[in-house]
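Peer 1: The following block contains the structure, expressed as structure tokens.
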Amino acid sequence: MRKFPQNLIQFRNITRIDFSRNRITEIGNITFLLDLSELILEENKIRHISNQTFYGLVKLRTINLSRNLIKDIDPNTISSSELNIFRLDISNNLLTEVDITNFMPEGPLCEISFDYNPIQNIVNRGGFKYNDSKQYGDGWISMKNSSLQSLVNWTNFGLNDYTDIGKTITYGIFYFGSKSLNCDCSLIPYFVNTPASAMKVHMADMDKAMCASPQSRQGKTMYDIYNAKDKWDELVCDIVADCPSKCYCYDQQIRKRVIVDCSNLGLSEMPDTLPYGNWGSNEIALLLSNNSITRLDDRDYINRISFLDLAGNIITYIDNKAVGRMTQSIELYIPNNTLQILPKEFLYLDPDNLLIGDKYLQCSCEFLWAENWEKYELHDINKSLHCMYKGNRFRVDEMTNIVSDCKNQSLEIPNLAWIFIGLLLGLLATGFILYNFWYEIFILYRRCRLHIIEKKFVLSPDDMDSIYICLHEGNSNTFKWATRELVPYLNGDGFKTTLPCLDFLPGSEIETEIIKAIKSNRVYIIVLEEDSCSKSSFEFEFNVIWREFASQSMKKIIVVNFDQIESKYIQERRLKALVRVGIVADFCDREELLLKKIRKHLSKLLTNSSRRQASNVQLNMERTEVIHMSNVSDLDSEQGTWTTDTVYMHSLFHHYHDDANQNSHDSVNESNVFKPLNAPKHSTCNCKHRKCYLSGTIIHEKQ
């Protein structure tokens with residue numbers, strides 16, 4: 001049989017197919033076999049498996065494709081989230097590479113066999129990326145008698161920490177029976193970072209994986225290499241990419257560095273570029289001995305060098321920028337040179353790691369910095385530098401006694417540098433304070449300035465007693481307190497107050513009136529509660545108040561912290577600053593103390609008693625006049641109800657007379673005093689005895 005039967009579609013409920021030992025060359029479309037659980041196609045002529053072949057076969061558990069001619073399997077053929085394949089036998093085929101998605105599927109599995117395939121590489125054509133939140137396999141993966149030359153480099157697939165191998169890649173056993181293994185640095189990440197328990201599980205047949213190269217390790221098993229820990233230094237990988245011409249580059253993974261050997265090549269300058277390691281190793285050991293290099297120049301890779309050997313080169317110049325970019329722990333060998341002085345950047349290197357020829361070094365004032373460098377940093381006295389002075393040779397740490405005319409030039413770091421560092425730190429600290437506490441500083445400055453102004457200048461009566469009260473009118477608690485306690489108290493002391501809900505006429509342009517009122521008042525009392533900043537009306541009032549406060553030096557803000565909010569919970573930076581350093585009256589005080597505290601902050605504004613009384617009379621007349629603007633014609637004589645304007649006026653002003661009549665049996669029901677007036681039989685108002693107080697006149701509802 002060369003292909004699947006055409007009438008197979010008539011057997012949709014079939015669960016097992018065995019077409020072994022035929023001449024089938026392709027599987028074709030079998031996605032209609034939704035109940036298929038076992039597919040056996042052993043010993044056929046199949047060459048390719050598509051990732052659409054088994055798509056949608058959610059009940060498929062066992063696939064046998066052994067002894068075919070398969071050369072290629074698409075990525076994600078068996079790792080689709082819709083598949084639950086437990087057993088896959090693809091042994092004895094012609095695969096030369098396996099995609100990682102078919103090698104390491106997600107979810108549970110029992111066994112996958114790639115035995116007896118000439119597999120050389122594990123590739124990533126499907127764009128796989130390791131995810132540590134997932135589990136990959138928990139069964140057997142077998143690659144016996146493959147041609148793999150190295151173990152999987154998991155860093156190519158996103159796994160940077162090999163200690164995680166045993167956590168998420170939960171193979172029961174991984175059989176790795178290659179006879180062509182290159183026993184090089186690729187083994188080190190497994191040997192060093194994989195926990196021993198995971199090694200036993202993942203590398204169950206290390207004694208059967210044989211080394212084919214390098215020649216010194218031919219015939220040895222991976223198990224032998226694993227146990228010879230003292231020879232792990234020899235496990236290296238050759239690097240070709242970016243390796244300088246004629247140089248030998250290799251990855252010494254056990255030390256996590258790349259060694260670049262350019263010795264004895266007749267080079268006249270340092271290489272331009274150097275490679276990185278196969279596992280992303282950054283460090284470089286650069287061997288440049290016995291060349292014709294005369295300059296140690298700056299290169300992009302200088303900060304990656306951990307070891308630099310320039311022995312056998314006559315160095316006449318060292319770039320101070322190159323030294324400045326070297327790591328502190330660099331090992332530097334420059335035994336042959338004609339240098340008369342070293343760059344001062346050597347101060348930041350460890351002198352115990354340096355071997356520098358000092359035959360031509362001169363004791364001079366410019367070299368005095370080296371005295372303290374060696375005195376305090378050098379521990380190996382045998383590596384002490386020497387310098388010449390008037391034909392004699394002296395140790396560098398004795399220069400002060402030799403060179404006597406330097407006028408205190410022996411400084412570890414010049415004084416100017418310390419001054420610069422101090423200024424820089426001061427500027428940074430100032431910038432930080434200004435950025436984070438700008439409003440606090442501004443408020444403190446304003447308070448000091450206002451204190452001086454109030455002492456020197458006499459305010460006009462119109463400037464002294466005008467107070468604007470800003471609060472969130474939707475909060476019944478703050479509204480009651482402001483209208484029943486705060487406003488009467490301030491009026492009693494002769495202050496004129498402006499509270500929008502009391503003093504603005506219905507139908508007026510509210511925002512325009514607010515701006516006018518704020519401009520005409522000198523003191524602003526802000527009643528702060530939890531929901532204040534989330535209300536657009538409060539935000540608008542506060543923004544106008546702040547603009548006036550910031551632009552007019554005679555303006556003052558008093559914050560009444562009604563809900564005792566800590567400043568750290570206030571997001572608005574200006575309000576936060578006011579609570580921190582402004583004039584704040586905390587509501588946790590007893591009520592009479594709170595009012596007295598507010599009065600104390602207003603003490604400089606108090607006028608004589610006659611003005612206060614006159615102001616009280618005038619205020620009451622103004623309020624009565626405003627209330628009486630509701631015309632009698634607003635009352636519907638036939639229905640016994642008020643128009644919308646009258647009801648609005650009542651809701652704004654009835655509390656004023658409620659205080660005056662609080663002992664009366666006709667007083668307003670306090671629990672409902674701020675609710676909408678919409679009861680069907682009681683629409684005139686919301687009063688306890690079906691009557692309302694309006695400007696001192698009792699209006700009865702019609703019966």
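The values are calculated or read from the model by the stated rules, or taken from the named source; none is laboratory data. Every value quoted in this text rests on a predicted model; they were computed, and no experiment measured them. Cβ placement follows ideal geometry from the backbone for every residue including glycine, while neighbour counts extend to all protein chains displayed.
Peer 1: Within the range 247-282, count every residue that is of a type outside the set (A, V, I, L, M, F, W, C) and under 26 Å from residue 149 (Cβ atoms).
Peer 2: 16
Peer 1: Among the residues of the range 71-82, is there at least one that is in contact with an Asp or Glu (Cβ under 7 Å, 6 or more places away or on another chain), within 27 Å of residue 222 (Cα to Cα) and not in a strand (DSSP E or B)?
Peer 2: no
Peer 1: Specify which of the listed residues (316, 327, 273) is touching an Asp or Glu at 6+ places or on another chain (Cβ under 6 Å) and surrounded by fewer than 18 Cβ atoms within 10 Å (Cβ to Cβ).
Peer 2: Step by step, each of 316, 327, 273 is checked, and only 273 is touching an Asp or Glu at 6+ places or on another chain (Cβ under 6 Å) and surrounded by fewer than 18 Cβ atoms within 10 Å (Cβ to Cβ).
Peer 1: Here's another thing I want to ask about it. So residue 510 fits all but one of (1) more than 30 Å from residue 343 (Cα to Cα); (2) at pLDDT 75 or above; (3) more than 45 Å from the chain's Cα centre (by Cα); (4) among the hydrophobic types (A, V, I, L, M, F, W, C); what number is the exception?
Peer 2: Among (1) more than 30 Å from residue 343 (Cα to Cα); (2) at pLDDT 75 or above; (3) more than 45 Å from the chain's Cα centre (by Cα); (4) among the hydrophobic types (A, V, I, L, M, F, W, C), the lone unmet condition for residue 510 is (3).
Peer 1: Something else now. Just to be sure, is residue 17 closer than 29 Å to residue 158 by Cα and not assigned by TED's automatic domain parsing to the domain that holds residue 178?
Peer 2: No.
Peer 1: I need every pair where a residue in the range 10-34 that is on the phi < 0 side of the Ramachandran plot and in a strand (DSSP E or B) has its Cβ under 8 Å from the Cβ of a residue that is among the hydroxyl-bearing types (Ser, Thr, Tyr) and modelled with pLDDT of 95 or more, sequence separation at least 6 or different chains.
Peer 2: 16/37
Peer 1: So, one more: Which residues, counting only those in the range 166-220, are farther than 20 Å from residue 146 by Cβ, at pLDDT below 80 and among the aliphatic types (A, V, I, L, M)?
Peer 2: Result: 196, 198.
Peer 1: With within 41 Å of the chain's Cα centre (by Cα), assigned by TED's automatic domain parsing to the domain that holds residue 349, among the polar types (S, T, N, Q) and not in a helix (DSSP H, G or I) as the only criterion, which of 290, 278 stands out?
Peer 2: After ruling out the rest, the residue left standing is 278.
Peer 1: Mind checking whether some residue in the range 382-397 is touching an Asp or Glu at 6+ places or on another chain (Cβ under 9 Å), modelled with pLDDT under 85 and not acidic (Asp, Glu)?
Peer 2: Yes - at least one qualifying residue is present in the range 382-397.
Peer 1: Let me ask another. For the range 116-151, what are the residues that are in a strand (DSSP E or B) and within 17 Å of residue 71 (Cβ to Cβ)?
Peer 2: Across the range 116-151, the qualifying residues are 121, 122, 123.
Peer 1: Identify all residues within the range 483-492 that are surrounded by fewer than 20 Cβ atoms within 10 Å (Cβ to Cβ) and either under 28 Å from residue 573 (Cβ atoms) or of a type in the set (D, E, K, R) (or both); write none if there are none. Let's see the steps before the verdict.
Peer 2: First, the residues of the range 483-492 that are surrounded by fewer than 20 Cβ atoms within 10 Å (Cβ to Cβ): 484-485, 488-489, 491-492.
484, 485 - these are the residues of the range 483-492 that are surrounded by fewer than 20 Cβ atoms within 10 Å (Cβ to Cβ) and either under 28 Å from residue 573 (Cβ atoms) or of a type in the set (D, E, K, R) (or both).
Peer 1: I need the full set of residues from the range 308-323 which are part of a strand (DSSP E or B) and closer than 16 Å to residue 341 by Cβ, in order please.
Peer 2: Once the filter is applied, which keeps residues that are part of a strand (DSSP E or B) and closer than 16 Å to residue 341 by Cβ, the range 308-323 yields 315, 317, 318.
Peer 1: Take residue 85 and tell me if it is surrounded by 14 or more Cβ atoms within 10 Å (Cβ to Cβ) and at pLDDT 95 or above. Let's see the steps before the verdict.
Peer 2: Details: surrounded by 14 or more Cβ atoms within 10 Å (Cβ to Cβ): yes; at pLDDT 95 or above: no.
In short, no.
Peer 1: Which is over 20 Å from residue 559 (Cα atoms), surrounded by 14 or more Cβ atoms within 10 Å (Cβ to Cβ), at pLDDT 80 or above and more than 46 Å from the chain's Cα centre (by Cα), of 504, 495?
Peer 2: 504
Peer 1: Give the residues of the range 423-444 that are more than 19 Å from residue 576 (Cα to Cα) and either hydroxyl-bearing (Ser, Thr, Tyr) or at pLDDT below 85 (or both), sorted by residue number.
Peer 2: The one that is more than 19 Å from residue 576 (Cα to Cα) and either hydroxyl-bearing (Ser, Thr, Tyr) or at pLDDT below 85 (or both): 430.
Peer 1: Starting from residues that are part of a helix (DSSP H, G or I) and modelled with pLDDT of 75 or more, keep the ones in the range 445-478 and report whichever is nearest to the chain's Cα centre (by Cα).
Peer 2: In this case the residue turns out to be 445.
Peer 1: Just wondering, is there one or more residues in the range 136-146 that are β-branched (Val, Ile, Thr) and modelled with pLDDT of 70 or more?
Peer 2: Yes, some residue in the range 136-146 is β-branched (Val, Ile, Thr) and modelled with pLDDT of 70 or more.
Peer 1: For the range 236-275, name all the residues that are closer than 26 Å to residue 317 by Cβ, out of contact with any Leu (no Cβ under 8 Å at 6 or more places or on another chain) and either among the hydrophobic types (A, V, I, L, M, F, W, C) or not assigned by TED's automatic domain parsing to the domain that holds residue 329 (or both).
Peer 2: Hit for the range 236-275 is 265, nothing else.
Peer 1: Whether any residue in the range 250-266 is out of contact with any Gly (no Cβ under 8 Å at 6 or more places or on another chain) and part of a helix (DSSP H, G or I) is what I want to check.
Peer 2: So far as the range 250-266 goes, yes, one or more of its residues are out of contact with any Gly (no Cβ under 8 Å at 6 or more places or on another chain) and part of a helix (DSSP H, G or I).
Peer 1: Suppose the filter is at pLDDT 80 or above, in the same structural domain as residue 362 (by TED's automatic domain parsing) and surrounded by fewer than 10 Cβ atoms within 10 Å (Cβ to Cβ); does residue 407 pass it?
Peer 2: Criteria not met by residue 407.
Peer 1: Out of all the residues in the range 219-230, is one or more in the same structural domain as residue 293 (by TED's automatic domain parsing), surrounded by 14 or more Cβ atoms within 10 Å (Cβ to Cβ) and of a type in the set (D, E, K, R)?
Peer 2: no
Peer 1: I'd like to know if the range 359-378 contains one or more residues that are under 40 Å from the mean Cα position of the chain (by Cα), in contact (Cβ under 8 Å) with a residue 12 or more places away in the chain, surrounded by 17 or more Cβ atoms within 10 Å (Cβ to Cβ) and not in a helix (DSSP H, G or I).
Peer 2: no
Peer 1: Being surrounded by fewer than 17 Cβ atoms within 10 Å (Cβ to Cβ) and more than 10 Å from residue 276 (Cα to Cα) is the filter here, so list the residues in the range 241-253 that pass it.
Peer 2: 245, 246, 248
Peer 1: Every residue in the range 219-240 that is assigned to a loop (DSSP other than H, G, I, E, B) and more than 30 Å from residue 272 (Cβ to Cβ), please.
Peer 2: Result: 219, 220, 228.
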